[in-house]
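First up is the structure itself, then whatever we jot down about it.
Each reported figure results from applying straightforward, stated rules to the coordinates on display, with no laboratory input. Since we're looking at a predicted model, the values are computed, not measured. Heads up, the Cβs are rebuilt from the backbone with ideal geometry, glycines too, and the neighbour counts pull from every protein chain shown.
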Amino acid sequence: MHPVRLTQLARGGGCACKIPAGELEQLVSGLRLDPGAHHDHVLVGLDDGDDAAAVRIEGGVALLSTADFFTPMVDDPYDWGRIAAANALSDVYAMGGTPVVAINLVGWPRDVLGTDLLQQVLQGGLDVATAAGCPVLGGHSIDAPEPLYGMAVTGTADPARLMRNDAAAAGLPISLTKPLGVGILNNRAKATGRTSAEAVESMTALNADAARAALDAGVVAATDVTGFGLLGHLFKMCRASGVAARVEAAAAPYLPGAREALAAGHVPGGSRRNLDWVRPHLASGPGIGEDDLLLLADAQTSGGLLVVGEVPGAPVVGRTLPAGELGDGVLIEVV
C-alpha cells in the first residue's frame, strides 16, 4: 500500500462522487440553447445527457468535446491517474469517436500532499492517453481542499456513425463490455485498504476496442456505464430513445469479490442514490432482491460500454422493448 492513503482525503471516490442524477438534471434543466439562434452545427447537446457534446465542423467532421474529473478511488497515485484518463477518454469512445487531444484538470491540496504524488498521478494519465494515441498538451491546476484529477478530451467522429443514447430501437439485444462492481469494491478499499487488482485492471482498460467492435457491427446506440450505474445510464437511454428494456440480472458480469463486498455493507452512497432515482420507473421479477438491484445500480468508474446491439465477446444482458410494454411509466424490468 502507498504510504499516503489518497482515498482518506476525499468524501467520495471516483464517479461515486458525482452530483446525484436527479439533482443534476434539475440544475441543468434551464441551460438550453436559445431557440431563436441558429445552431445547425450542433449534433448532440444537453437535451438527453449524452456522453459528449458533438458539433459539425468544416469538412463535415463531427468534433466531440467532454470533460471528466473526480477524487481518488484508489490509494496508488499512478493508478488513480491511469483510471481517470481511461474514464475521460471513454466518453469519446462511447460516441464512436477517436480522441485527438487531452488536457489535464487538477485540484491539489498543496499543504497536505507533496507534488511528487501529483507527478505520479499525471504520469499515469499521460501513459494511458499515450496508449490511446492521444497527446496530452497542457491543462489547468488549482490549489483545492480535496485532490481532484481528470481530463478534458477532444475527439473526432463520422457524424453519420455517431453512437448516441437517443438512438436505441426496440427489439435489440443489450450488450455490456465490462463487468460491474467497481464502486462497491472501491468502497471496500477505502474502508479497509484492501484494493481489488481486478477492479483496477478493469478501470484502466480503454474502451477503444469495444467501441470499434460496436461500430463494425453497425451499432448506433450506446453509452458508457459510469457514475449512474447500469440502471441509471440505461434509464437515460430508454427515456431519450422512447423505448423500454428488460435486464437479466444473472446475465450481467460482476467482478470477483463484488457480491461479498456488498454483503459486508460496502455500498457507496452514490449507488443507493442511483437506485432511488430509477426506482419509480423500475419493475422487478420474482427472485430479484435489493442486492441484485444495488449491483446493477452500482456507481462505476471507467466502466464498460452499454451497447444496443451485439458486440463480439461481450455478454448480452438484456433486450430493448417497445415503449409501454412493461406498463405505465415503467422503463426497465429486471428479471
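Odds and ends about this structure:
- Modelled spin labels at GLU198 and ARG272, positioned 7 Å past Cα toward Cβ, are 2.5 nm from each other.
- If R0 is taken as 41 Å, the Cβ-Cβ distance between ALA251 and ALA144 corresponds to a FRET efficiency of 0.50.
- For peptides 276-287, 259-270, sequence by mean Cβ density within 10 Å, most packed first: 259-270, 276-287
- DSSP beta bridges in the chain [antiparallel fraction, %, rounded to 5]: 75 percent
- Paramagnetic reach from ARG5 (point 7 Å along Cα→Cβ, amide N under 19 Å) across the stretch 146-162: 146-148
- Among the trypsin sites (Lys or Arg not before Pro) in the stretch 48-122, those placed in a DSSP loop whose Cβ has at most 13 other Cβ atoms within 10 Å are ARG110.
- With θ taken as phi - 60° and the Karplus curve 6.51 cos²θ - 1.76 cosθ + 1.60 applied, the whole-hertz 3J(HN,Hα) list for the stretch 145-160 is x, 10, x, 9, 8, x, 9, 9, 10, 10, x, 10, 7, 7, x, 7 Hz, x standing for glycine and proline.
- Euclidean distance of C-alpha centroids, the stretch 54-97 and the stretch 224-257, integer Å: 20 Å
- Relative contact order [Cα under 8 Å, 6+ residues apart], the chain, whole percent: 23 percent
- Amide H within-cut-off set for ALA205, under 5 Å, with H built and near neighbours excluded: none
- Against the compact-protein benchmark of 2.2 N^0.38 Å, the Cα-based radius of gyration of the stretch 202-335 scales to 1.02.
- If R0 is taken as 51 Å, the Cβ-Cβ distance between VAL101 and GLU260 corresponds to a FRET efficiency of 0.80.
- For SER284, distant residues with modelled amide H under 5 Å away: VAL334
- Extension gain, LEU27 back to VAL316 (0.36 nm per residue minus Cα-Cα distance, nm): 100.6 nm
- Computed on the Cα atoms alone, the convex hull of the chain gives a volume of 132 cubic angstrom per residue.
- A compact globular protein would have a Cα radius of gyration near 2.2 N^0.38 Å; the ratio found for the stretch 6-161 is 1.12.
- Sorted ascending by nearby beta carbons within 10 Å, beginning with the fewest, GLU146, GLU290 become GLU290, GLU146.
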